[in-house]
Amino acid sequence: MSADAAEKETADKMAARGLKGVVAADSKICDVDGDIGKLIYRGYDIDDLAVNSTFEEVAYLLFQGELPSKEQLADFSATLAKHRAIEPELMAFLKGMPRNTPPMTALRSAVSVSAHYDPLAEDSSPQANFEKSIRMTAEMGSLVAAIRRIRDGQEPIQPKPELSHAANFMYMLNGKVPSADAEKAMDLILILHAEHGLNASTFAARVIAATLSDMHSAITGAIGALKGPLHGGANTEVLKTLMEVGSVDRVASYVEETRAKKGKFMGFGHAVYKVEDPRAKHLKELSRRLGIETGEPKWYDMSIKMEECVKAAINKNCNVDFYSASLQHYMGIPGDLFTAVFAASRIVGWCAHVIEQISDNKIIRPSSNYIGPAERKYPA
Ligand code: ACO
């Protein structure tokens with residue numbers, strides 16, 4: 001073999017670390033342009049959807065490919081309302097969990113158990129998967145809220161059918177119907193986190209779906225992937241960092257110290273975006289406003305300073321998880337619940353991808369490049 005051919009063979013065999021740059025699916029759901037910081041759901045720019053749509057509309061769009069008509073939206077919203085209440089058996093399961101179960105662990109188990117009570121759990125026809133997508137979207141917010149309340153020794157709250165998905169979620173979390181502003185803030189969080197192409201958790205869901213396993217298994221696996229601090233779990237870590245740093249005047253030294261020990265800055269950097277994450281500016285602006293409204297601008301001010309110092313230190317922009325931390329903190333959501341709130345939105349993207357995967361399925365089975373010992377004899 002020529003030197004060139006040998007070099008090519010080695011290069012072909014080399015693992016693409018983290019599958020970076022590998023195109024692993026054709027998808028009609030979402031376009032992420034990391035070079036210019038653009039995020040498109042089914043052809044609609046996220047900036048447009050953030051201002052003009054609702055979570056219900058976005059969910060319908062992601063599932064069905066088109067924005068709903070008025071009638072379709074009313075029907076879809078009514079179906080969501082119908083499925084928001086948690087099955088009594090599932091509620092009993094939640095109440096039986098140890099109080100110190102981390103919320104994402106509780107959510108992962110709850111979604112798995114919810115399959116036991118779903119008559120369509122083992123049916124992967126397009127209609128069954130669409131129906132399950134609506135049910136799981138409806139139920140996910142209720143599960144997150146119930147997990148929080150049970151953990152805090154409070155009785156879970158039943159949903160109110162007349163409220164929007166965002167308002168219901170906040171009502172079930174806090175026991176108070178939110179103000180129009182608070183409802184809009186939650187609606188925006190849900191819209192912005194709903195979908196993001198072939199990210200780690202969505203890829204995990206598609207890998208599971210591609211074996212022709214069931215939708216609940218795919219979503220359970222996706223929740224496990226989202227939980228990690230390099231993915232959705234980063235928002236919880238961001239708040240921990242802000243709490244640890246404690247004041248604006250300590251931010252610069254924190255960044256210096258972290259850089260010196262080659263530590264990670266949670267909520268910064270992205271596998272795809274080379275410029276600012278297009279979702280971050282919306283969350284940043286809301287965080288600014290709530291900082292003023294709550295009379296506690298410190299968390300926003302610290303975040304601004306951290307963004308400036310991290311950019312100067314390692315030239316990384318903040319991602320969706322960074323301002324979502326101060327924002328959710330202002331909204332009264334406990335830090336260890338942030339990733340579960342993310343899941344209550346991303347359920348939509350996961351389900352849309354499972355449906356797409358099944359519609360033109362091929363098992364996902366990459367290869368590995370063996371670098372272990374050469375073949376050897378079992379010792380005599
Ligand atoms: N802090 C410090 N160094 C960083 C950071 C960061 N936040 N991000 C990247 N780097 C450095 C590291 O040296 C990294 O190498 P390593 O992964 O071996 O440590 C190097 O830059 C190269 O990173 P990239 O190629 O730019 O990014 P990659 O695709 O490898 O990782 C990731 C992306 C995981 C998001 C990374 O930026 C990171 O760990 N960020 C912090 C965690 C975080 O905020 N995750 C949420 C991402 S958004 C989401 O999933 C919803």
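The values are calculated or read from the model by the stated rules, or taken from the named source; none is laboratory data. A quick note: this is a predicted structure, and the numbers were derived from the prediction, not measured. Cβ atoms come from the backbone with ideal geometry, glycine included; neighbour counts cover every protein chain shown. In case anyone asks, the SASA skips ligands and DNA or RNA and just uses the protein heavy atoms, side chains included. Shrake-Rupley method; radii C 1.70, N 1.55, O 1.52, S 1.80 Å.
Details
- Residue check, A352 surrounded by 16 or more Cβ atoms within 10 Å (Cβ to Cβ), under 30 Å from A210 (Cα atoms) and small (G, A, S): yes
- Yes/no for S326 being closer than 26 Å to R108 by Cα and either of a type in the set (A, V, I, L, M, F, W, C) or buried (at least 23 other Cβ atoms within 10 Å of the Cβ) (or both): yes
- One residue stands out among those in the range 75-100 that are open to solvent by 60 Å² or more (accessible area, probe 1.4 Å) and charged (D, E, K, R): the one that is nearest to D336 (Cα to Cα), which is R99.
- Some residue of the range 114-128 being assigned to a helix (DSSP H, G or I), open to solvent by less than 10 Å² (accessible area, probe 1.4 Å) and of a type outside the set (G, A, S): no
- Residues of the range 138-169 that are surrounded by 14 or more Cβ atoms within 10 Å (Cβ to Cβ) and small (G, A, S): A138, G141, S142, A145, A146, S164, A166, A167.
- Scanning the range 225-245 for residues that are within 10 Å of the ligand (Cβ to nearest atom) and closer than 12 Å to S201 by Cβ yields a total of 7.
- Filter result for A340 (within 15 Å of the ligand (Cβ to nearest atom), open to solvent by less than 10 Å² (accessible area, probe 1.4 Å), assigned to a helix (DSSP H, G or I) and touching a Pro at 6+ places or on another chain (Cβ under 7 Å)): yes
- Test result for R135, part of a helix (DSSP H, G or I), surrounded by fewer than 24 Cβ atoms within 10 Å (Cβ to Cβ) and out of contact with any helix residue (DSSP H, G or I) (no Cβ under 6 Å at 6 or more places or on another chain): yes
- For the range 219-296, the helices (runs of 4 or more DSSP H) that sit wholly inside it and include 3 or more residues that are touching a residue at least 24 places away in the same chain (Cβ under 8 Å) and open to solvent by less than 20 Å² (accessible area, probe 1.4 Å) are 234-245, 280-293.
- Qualifying position, being within 16 Å of the ligand (Cβ to nearest atom), in contact with a Cys (Cβ under 7 Å, 6 or more places away or on another chain) and not basic (K, R), among E307, E276: E307
- Any chance A106 is open to solvent by less than 40 Å² (accessible area, probe 1.4 Å), under 17 Å from the mean Cα position of the chain (by Cα) and at negative phi: yes
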